[in-house]
Each structure stands twice: as C-alpha cells, then as structure tokens.
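Taken together, the values in this text are just the output of simple stated rules run on the coordinates, not laboratory data. Treat the numbers as computed from the prediction; the structure is a model and nothing was measured. Every residue, glycine among them, receives a Cβ derived from its backbone with ideal geometry; neighbour counts consider all protein chains shown.
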Amino acid sequence: MALQWTAKLNFVTKRVLGPLVGGLVINNKKWDSIPEDVRATLQGMIKNNYEGDSKNIRKDDQKAYEKLLTRGYTATEFTPKGEAEMKVFQKKARDSLVGRVYSKELLDRVMKITHPNGA
C-alpha cells in the first residue's frame, strides 16, 4: 500500500541527504583470511558498484527533485528550529539501531570519523 504522501505535502527541502545503498561489513580477521587475489577482485567489484550506484542515485534523486518542483512543490531551507529537530531525530534513529544492527562502540567510531566536531 502506497503512503500517498505526495497528496498531503506542498514543500520539499533543498537539502541533499544522500542515501546509503548497500554495504559490506567484515572484520579484519575474516577479511585477512580471504586469499589476496579474491580480495583484489572483491575490492574492484565493490568500487565499481559503489561509484556506479552513487552516480545513478544522485542523477535519479535530482530528476525526482526537479519533477516535484514542476508539479508545484516549493523548495525550502531548514529553519534553525527545523535543523535542531532533524538532529534530534537523526540521533534517535541511530541510537534505536544499537544492539540490533551495530554495536554502540561501532556507532561511536563511525560518528567520530564522520562528525569529528560532534553531531
């Protein structure tokens, strides 16, 4: 069943929130146990898929955004209040996955790398 959100909304944000599609998580011990030639093949495949998917997704997102604008949606920026609310929501979403999808330690490491000045 479709959510039919397009019938209820008139605005779209200008913010690009790029989706993360796919992923490979493997610990060093397992990775190191894979033969070198297989690892090299995997790395090449992962790189090609990632780069291709990223480009296609960005193009498709841009087309969808432009289509919404031609349908009469108004593009807006986040207000400072909206920005603060978004950060709270993002943190709740990340924290809700701890223990089910990833550990607290892994989340902390990723956040430190991706948001060195805090999130």
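Okay, here's what the table says:
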| quantity | calculated |
| --- | --- |
| Lys, Arg +1 and Asp, Glu -1 on Cβ, resulting dipole of the chain about Cα centre, debye, nearest 20 | 340 debye |
| Prolate/oblate/rounded call for the chain, Cα gyration tensor, a/c under 1.5 rounded | oblate |
| Cα gyration tensor shape of region 76-119, rounded if a/c is under 1.5, else prolate or oblate by comparing a/b with b/c | oblate |
| For residue 12, residues with placed amide H under 5 Å, excluding near neighbours | 74, 75, 76 |
| Filter on 8/91; 14/87; 47/104; 63/87 - keep pairs with C-alpha separation over 18 Å | 8/91; 47/104; 63/87 |
| Rounded tilt (10° steps) of 80-96 against the dominant C-alpha axis of the chain | 40 degrees |
| Nearest-ten-degree value, helix 104-114 long axis tilted from longest Cα axis of the chain | 70 degrees |
| For region 22-75, Kirkwood radius (reciprocal of mean inverse C-alpha pair distance, Å) | 14.0 Å |
| Within the chain, helix-based [θ] at 222 nm, where runs of 4 or more DSSP H residues each add -39,500 (n - 2.57), nearest 500 | -19500 deg cm²/dmol |
| Within a Gaussian network of the chain (alpha carbon springs, distance under 10 Å), most fluctuating of 12, 101, 88 | 101 |
